[in-house]
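Reviewing the structure listed below.
The values are calculated or read from the model by the stated rules, or taken from the named source; none is laboratory data. Computed from a predicted structure; not experimentally measured. Here the Cβ is made from the backbone with ideal geometry for all residues, glycine too, and neighbour counts use every protein chain on show. All accessible areas refer to the heavy atoms of the entire protein, side chains included, with ligands and DNA or RNA removed. Shrake-Rupley method; radii C 1.70, N 1.55, O 1.52, S 1.80 Å.
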Amino acid sequence: MTSLDKFATQLPSGQVMPAVGLGTYAPKQEDDEVINAVKTAVKLGYRHLDCAALYRNERAIGHAIKQLIIEDNVKRQDLFISSKLWNTCHRADLVRPSLKKSLEDLGVKYIDLYLMHWPFSYKEGGRFYPTDEEGGLEVSDIDYMDTWRAMEDCVDEGLVKNLGASNFSVDQLKRVVNEARIKPVNHQIEVYLHYANTELVEFCKSKNVSVTAYCPLGSPWRFNAENLSHPMALEEPVVKDIAASKNKTPAQILLRFLLQRGVSVIPKSSNPVHIAENIQLEFQLSDSEMSKLLALNKDYKLIVGHKSVRQHKYFPIYRITQFKVVNPIT
């Protein structure tokens, strides 16, 4: 037992989702780096691994899991593994095959949490990002509730323990909560110092849907400071001052800040030192420190998707004052 256990989420399935997990989106990392990162994390105490078909590294993660189990570092039931259904597989008949591919790559018989990566769909086919001759993304108009029902069938079959959403708007998530036979237990969304996403976070809490923050450190590798009036989250003077006063890193302050907001975190790193630091969060931020950090919200969203899909009928409506597209959808 640690003081972080109080932030874990008790799910209706009886499972417990740890509040700190390892993010595995690593587009520039080779398989060996991914394997080493996962093995390092689990040996340090991580039990939550966040994966996705889009990340194209689930096979490497599966190798790491297999090695960890063989070496008696962990049992499968001790791990909480999430994965995500990608946009090209929203058609009902493609949901189960996509899930089965993730299960095969990860080397497991079930996924603890299966998320719909986005509420809108791309044209079905072999490419993750199908494009037309002009470079725009090709879409389909599948209703996300039809996709959700196919995901529910996967729960019935025992291939998935829990269902969740990712990148949905308030209205879209409300529809799922109201219409679904199997309710979402988690919503994975962008939340960090400069994007508090308060309305969506509070709505989730009101519906007993836990929240997991991706980009909890402000995605510094994506950050483009050009024409911005503020520094990246890790460089904010207030964050650095609080970190210095507690002998912690700025990253630890940003992660603990979200935990105390009731939001789980899945920071990604392949650096063993950073992986260790990102789970060493057993300290407390005062009310005053929390207030100072909350005041740094700028409604500044980093991930908003490719311009060619923003007119999609199911594209989520963001309530933000500014954003900067620094990377396609993740």
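Need a quick list: helices (runs of 4 or more DSSP H) entirely within segment 29-108 having at least 1 residues that are touching a residue at least 40 places away in the same chain (Cβ under 8 Å), over 21 Å from VAL273 (Cβ atoms) and open to solvent by 40 Å² or more (accessible area, probe 1.4 Å).
Working: elements: 31-44, 58-70, 92-106.
Ranges flagged: 58-70, 92-106.
Given the condition hydrophobic (A, V, I, L, M, F, W, C), modelled with pLDDT of 95 or more, open to solvent by less than 20 Å² (accessible area, probe 1.4 Å) and in a strand (DSSP E or B), answer yes or no: does some residue in segment 134-146 qualify?
Within segment 134-146, none of the residues are hydrophobic (A, V, I, L, M, F, W, C), modelled with pLDDT of 95 or more, open to solvent by less than 20 Å² (accessible area, probe 1.4 Å) and in a strand (DSSP E or B).
Hey, among GLU236, GLU277, which residue is surrounded by 15 or more Cβ atoms within 10 Å (Cβ to Cβ), in contact with a Ser or Thr (Cβ under 6 Å, 6 or more places away or on another chain) and of a type in the set (Asp, Glu)?
Of GLU236, GLU277, the one residue that is surrounded by 15 or more Cβ atoms within 10 Å (Cβ to Cβ), in contact with a Ser or Thr (Cβ under 6 Å, 6 or more places away or on another chain) and of a type in the set (Asp, Glu) is GLU277.
Quick check: is even one residue across segment 216-236 among the aliphatic types (A, V, I, L, M) and under 15 Å from PRO18 (Cα atoms)? Spell out the reasoning first.
Taking segment 216-236 and keeping what is among the aliphatic types (A, V, I, L, M), we get 217, 225, 228, 232-234.
From the residues that got through so far, the ones that are under 15 Å from PRO18 (Cα atoms) too are none.
No.
Which of the following residues is open to solvent by 10 Å² or more (accessible area, probe 1.4 Å) and either in contact with a Lys or Arg (Cβ under 6 Å, 6 or more places away or on another chain) or in a helix (DSSP H, G or I) (or both): ARG181, ARG175?
Of ARG181, ARG175, the one residue that is open to solvent by 10 Å² or more (accessible area, probe 1.4 Å) and either in contact with a Lys or Arg (Cβ under 6 Å, 6 or more places away or on another chain) or in a helix (DSSP H, G or I) (or both) is ARG175.
Of everything in segment 1-44 that's of a type in the set (Gly, Ala, Ser) and under 24 Å from SER219 (Cβ atoms), which residue is modelled with the lowest pLDDT? Quick ask: steps written out before the conclusion?
Here is the first cut: in segment 1-44, the ones of a type in the set (Gly, Ala, Ser) are 3, 8, 13-14, 19, 21, 23, 26, 37, 41.
Filter once more, so that each one left must be under 24 Å from SER219 (Cβ atoms): 19, 21, 23, 26, 37, 41.
Numbers: ALA19: 98, GLY21: 98, GLY23: 97, ALA26: 87, ALA37: 98, ALA41: 98.
Out of the qualifying residues, it is ALA26.
Test of understanding: among VAL16, VAL20, which residue is surrounded by 20 or more Cβ atoms within 10 Å (Cβ to Cβ) and on the phi < 0 side of the Ramachandran plot? Break it down into steps so the answer makes sense when it comes.
Details: VAL16 fails: surrounded by 20 or more Cβ atoms within 10 Å (Cβ to Cβ).
On inspection, the qualifying residue turns out to be VAL20.
For segment 37-57, how many residues meet the condition of being more than 21 Å from VAL265 (Cβ to Cβ) and either touching a helix residue (DSSP H, G or I) at 6+ places or on another chain (Cβ under 9 Å) or of a type in the set (Ser, Thr, Tyr) (or both)?
1
Quick test of your reading of the structure: TYR25 fulfils all but one of (1) surrounded by fewer than 18 Cβ atoms within 10 Å (Cβ to Cβ); (2) farther than 15 Å from LEU113 by Cα; (3) of a type outside the set (Val, Ile, Thr). Name the failing condition by number.
Condition (1) is where TYR25 drops out.
Would you be able to say whether some residue in segment 158-171 is at pLDDT 95 or above, open to solvent by less than 40 Å² (accessible area, probe 1.4 Å), assigned to a helix (DSSP H, G or I) and under 17 Å from LEU85 (Cα atoms)?
No, because not a single residue in segment 158-171 is at pLDDT 95 or above, open to solvent by less than 40 Å² (accessible area, probe 1.4 Å), assigned to a helix (DSSP H, G or I) and under 17 Å from LEU85 (Cα atoms).
In segment 177-206, what residues are within 23 Å of GLN252 (Cβ to Cβ) and of a type outside the set (S, T, N, Q)?
ILE189, GLU190, VAL191, TYR192, LEU193, HIS194, TYR195, ALA196, VAL201
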